[in-house]
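Everything on this sheet refers to the single structure shown next.
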Amino acid sequence: MKKLLFVDLDDTLFQSHAKHPVSSDFVPMAYLKDGNPISFATPAQLSMLGMFQKEMTVIPVTARNMDAFSRVRINFSEGAVLNYGGVILQADGRVDEAWLERSRQHSSTELEALTFFQAFIEAESSRRNLDVKARIISDLELPFYVVAKSPSYDTDAILDIAELCRHQCAGDFCSYRVHVNGNNIAVLPGWLDKGHAVEYLVENIRKTEDKLLTFGMGDSLIDLGFMGACQYMIVPSASQIACNRLAAL
C-alpha cells in the first residue's frame, strides 16, 4: 500500500529563529535570498522527517512561492503544493500546467480585490500608527493573496488589522477569508485552498495506485482543510491547531 504524507513546512518541519531560540544542534533548513539561514529544525524534527521519508512519499503543502520553496534544503522528490494550493509541482519539478491554468482562470479576476486589501492594510496601519506592512504574493505572473506582517513583531497590531480585514470580508469581499498565525496575516480568495490541491493530487495518484493510505500534517488552523482531505491527521503539540482545540476542552 502506498503511503502519502502531505505536510506543511514552516512551524511543522522547521521554524524561524524568531520563534525558537537557535541551539548549536539545530540544523538550517531554509534560507533568505542573501544566503543566510532563517529557519531551523530541531534534532527531533530531523529524526521525525527521516522516519517519514523512509516509510512514506512526503509531499510538502506550503504557502511558500517558487522562490521561497527553492530556498528550502529538504529533498522532496515527489512534487509539492505551493502558494496555498495555487501551484502544484510535479515529481520532476515542472509546474502542473493543468492546475496552473485553473489558477490562472480564478486569479484573473482577483487583482482588484487584492490591491484593495493591500492598500487598506497600509492605510489603516498608518492611520492607527500600527507597525504592519502588506504585500501581494504573486508567482508565475499570477496574483494569489495578500500577506501582512509586523516588522517589530507587534502581535496586537496584527490582531487589530486582521479584525478590520475580517470586517471587510463580511461585506463586499465575502468570498475572502482572513487567516492569522503569530506575526502573519493572510488574506485569501475563496478559491485558493491547499485542500483542493491535495484532493487533486490524491485523485491523480489513485489512477495508478489502487490502494492509498494518506496522512496530513500541519500546525495552523488553515492547514485543517488539506489535512481533512487525508485519512489521518498529525499535529505538533505546540501548534496553533493543538492550542486552539485543547483550549476548547
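Computed from the coordinates by the stated procedures, all read-outs in this text should not be read as laboratory data. Please read all numbers here as calculations on a predicted model, not as lab measurements. Neighbour counts are summed over all protein chains in view; Cβ atoms, including those assigned to glycine, are modelled from backbone coordinates with ideal geometry.
Computed over the chain with a Gaussian network model linking Cα atoms closer than 10 Å, the most mobile of D223, D160, D25 is D25.
For segment 152-224, state which GluC sites (Glu not before Pro) are in a DSSP loop and have at most 13 other beta carbons lying within 10 Å of their beta carbon.
Those that pass, being in a loop and sparsely packed, are E209.
Comparing A68, A170, A229 in a Gaussian network model of the chain, where Cα atoms under 10 Å apart are tied by springs, the biggest mean-square fluctuation is seen for A170. Which aspartates and glutamates, on any chain, are close to K133 with Cα under 15 Å apart, when same-chain ones fewer than 8 places away are left out? Straight-line reach from K133, under 15 Å: E122, E124, D154, D156, D160. For segment 164-242, averaging the sequence separation of C-alpha pairs within contact (under 8 Å, six or more residues apart) and dividing by the residue count gives a relative contact order of 22 percent. What's the Kirkwood radius of segment 109-189 in Å, using all Cα pairs? Roughly 12.4 Å, rounded to one decimal. Evaluating kT/(6 pi eta Rh) at 10 °C and 1.306 mPa s, with the Kirkwood radius of segment 166-238 over Cα pairs in the Stokes-Einstein relation, gives 113 µm² s⁻¹. Rounded to the nearest 0.05, what FRET efficiency is calculated for N36 and D131 with R0 set to 25 Å and r the Cβ-Cβ distance? Working from the Cβ atoms, E equals 0.65. Near D219, once Lys and Arg are set to +1 and Asp and Glu to -1 for all other residues with Cβ below 9 Å from its Cβ, the sum equals -4. For segment 1-129, the C-alpha radius of gyration divided by 2.2 N^0.38 Å, with N the number of residues, is 1.26. Charge dipole (Cα centre; +1 on Lys/Arg Cβ, -1 on Asp/Glu Cβ; no other charges) of the chain amounts to roughly 380 debye.
Under 5 Å between amide hydrogens, built in the peptide plane, is the criterion, and for N65 it picks out N83 among residues at least 5 positions away or on other chains. Phi angles across segment 70-85 convert, under the Karplus curve 6.51 cos²θ - 1.76 cosθ + 1.60 with θ = phi - 60°, into 3J(HN,Hα) values of 5, 9, 8, 9, 10, 7, 9, 10, 10, x, 6, 10, 10, 6, 6, x Hz, Gly and Pro given as x. Using C-alpha pairs below 8 Å separated by at least 6 residues, the relative contact order for the chain is 18 percent. Taking the centroid of alpha carbons for each part, segment 1-70 and segment 135-153 are 21 Å apart. Model label sites at L140 and S24, defined 7 Å from Cα along the beta-carbon direction, differ in position by 4.5 nm. Working from label points 7 Å from Cα in the Cα-to-Cβ sense, the Y232 to A170 distance is 4.1 nm.
Hey, which of these cross-link pairs are over 29 Å Cα-Cα: K33/K149; K2/K149; K3/K194?
Flagged as over cut-off: K2/K149.
Comparing V202, V146, V132 in a Gaussian network model of the chain where C-alpha atoms under 10 Å apart are linked, the largest mean-square fluctuation is found at V202.
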